[in-house]
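**Q** Structure in structure tokens, see below.
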Amino acid sequence: MSSLPLEKRVAVVTGGSRGIGGAISRLLAEDGATVAVLGLPIDRERTETLRLHLNGSAPRLHFYEGDVGDFGECRRAVEGIVAEHGRIDYLVNNAGITRDHTVRKMTVDEWQAVLQVNLSGPFFMIKAVLDTMVAQQFGRIVNISSVVGQGGNFGQANYAAAKAGLIGLTKTVALEVAKNRITVNAVAPGFIDTEMTKAMPSEAIEMAISQTPKRRLGQPEEVAHLVRFLIDDNAGYITGAVYNVNGGWYM
Ligand code: NAP
């Protein structure tokens, strides 16, 4: 069994400068891992802001520019991370977007944009890191899906399809790389208090809260702790699983 202290591990968190990704980057860096935030140009500044909150762990947080919807950019960023840090132990596919409309009003561009970032993005990133993980004979991949991929949601056909597809991708890659001591799991958050949720109409947020048995939005840190659990060296027998963190909204 490969066992290294977290101080020797390298994590890649896509969209890891804010929201759920920001909480994941922060927790992993505070626990000692080197964290590469992969994001769009605007995220460089946001990563700097995140770094200000990290105090002693700040030097462990690094920014790499890349659009997860572009395979060439994913590959280039991953090559840069490996060249600089020597390995990649954890990949957290967190970057995601919404373009909500009912199917009748949804444009083909809105459909394709969400599929490109939320489903092709994780595929591109997994494809870009797998050779490194196989060579290491160690890896942990966590895909951030959604309760919407499990239960559907009005006005989110593109998002639901991408997040459901991500669960299929998770299970298939888990099968393909189990022999290489790489685990692949999905986390399915419910409604979490981030910019993405703030963009929803207030009635929709109120309805989501009223339908959630815990009667509140989740916090990004609550998702980050689940991801931390799944990337642990001791989680090597957990693969192809989908973990809910949704306040009981979907069981
Ligand atoms: P968020 O606050 O909107 O953050 C999304 C992050 O993804 C941002 O850093 C964003 O960068 C980045 N991103 C978007 N497109 C990208 C691209 N093409 N390449 C690289 N980075 C890109 O969202 P969040 O609420 O934290 O959500 C994080 C993940 O959790 C998403 O996959 C989302 O679908 C999922 N999720 C969220 C909820 C929720 O209630 N919030 C529930 C279930 C699942 P910019 O800052 O440049 O935009």
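**Q** Using the C-alpha gyration tensor of region 101-213, what are the square roots of 5 times its eigenvalues, in whole angstrom, with the largest one first?
**A** Taking √(5λ) for each eigenvalue gives 30, 16, 11 Å, largest first.
**Q** Straight-line reach from K214: which lysines have Cα under 20 Å away, leaving out those fewer than 8 places along the same chain?
**A** Answer for K214, where 20 Å is the Cα cut-off: K198, listed by chain and number.
**Q** Another question about this same structure. Projecting each Cα onto the charge dipole of the chain (Lys/Arg +1, Asp/Glu -1 at the beta carbon, about the Cα centre), which of L175, G218, G86 comes out farthest on the positive side?
**A** Of the candidates, L175 comes out farthest on the positive side.
**Q** Right, something else. For the chain, build the charge dipole from Cβ charges (+1 Lys, Arg; -1 Asp, Glu) around the Cα centre, then report which of I209, F71, G22 sits farthest towards its positive end.
**A** I209
**Q** In whole angstrom, how far apart do the alpha carbon centroids of region 196-251 and region 37-100 sit?
**A** Region 196-251 and region 37-100 have Cα centres separated by 22 Å.
**Q** Another one. Taking only complete DSSP H runs, can you tell me which helices of the chain stretch 20 Å or more along their own long axis by Cα positions and average at least 0.5 on the Kyte-Doolittle scale?
**A** Qualifying helices, which must be both long enough and hydrophobic enough, are 121-136, 157-177.
**Q** Continuing with the same structure: Among F138, F71, which comes first, then next, by fewest other beta-carbon atoms within 10 Å?
**A** So the ranking, lowest neighbour count to highest, is F71, F138.
**Q** Could you list L61, L91 in order of exposure, starting from the residue whose Cβ has the fewest other Cβ atoms within 10 Å?
**A** L61, L91
**Q** Taking the Cα centre as origin and putting +1 on Lys and Arg beta-carbons and -1 on Asp and Glu beta-carbons, what dipole magnitude results for the chain, to the nearest 20 debye?
**A** Here the chain has a charge dipole of around 440 debye.
**Q** With label points built 7 Å along Cα→Cβ from the Cα atoms of F154 and L4, find their separation and express it in nm.
**A** With each label point 7 Å from Cα toward Cβ, the separation is 4.9 nm.
**Q** Any idea what log10 I(q)/I(0) is at q = 0.08, 0.12, 0.15 Å⁻¹ for the chain, Debye with uniform C-alpha scatterers and no solvent?
**A** Values returned for q = 0.08, 0.12, 0.15 Å⁻¹ are -0.28, -0.64, -1.03.
**Q** Any chance you could run the full-extension gain for D109 through H225? It's 0.36 nm times the residue separation minus the Cα-Cα distance, nm to one decimal.
**A** Taking 0.36 nm per residue and subtracting the Cα distance, the gain is 38.3 nm.
**Q** Enumerate the lysines that K127 could reach by cross-link, defined here as Cα to Cα under 27 Å, with residues fewer than 8 away along the same chain left out.
**A** K8, K163, K171, K179
**Q** Sorted from fewest to most neighbouring beta carbons within 10 Å, what does the list I126, I24, I97, I209 look like?
**A** Arranged by neighbour count, lowest to highest, I126, I24, I97, I209 become I209, I97, I126, I24.
Here, each number is a calculation from the coordinates, and none is a lab measurement. Bear in mind that the values here come from a model prediction, so they are computed numbers and not experimental data. Using ideal geometry, Cβ is built from the backbone for each residue, glycine included, and neighbour counts are taken over all protein chains shown.
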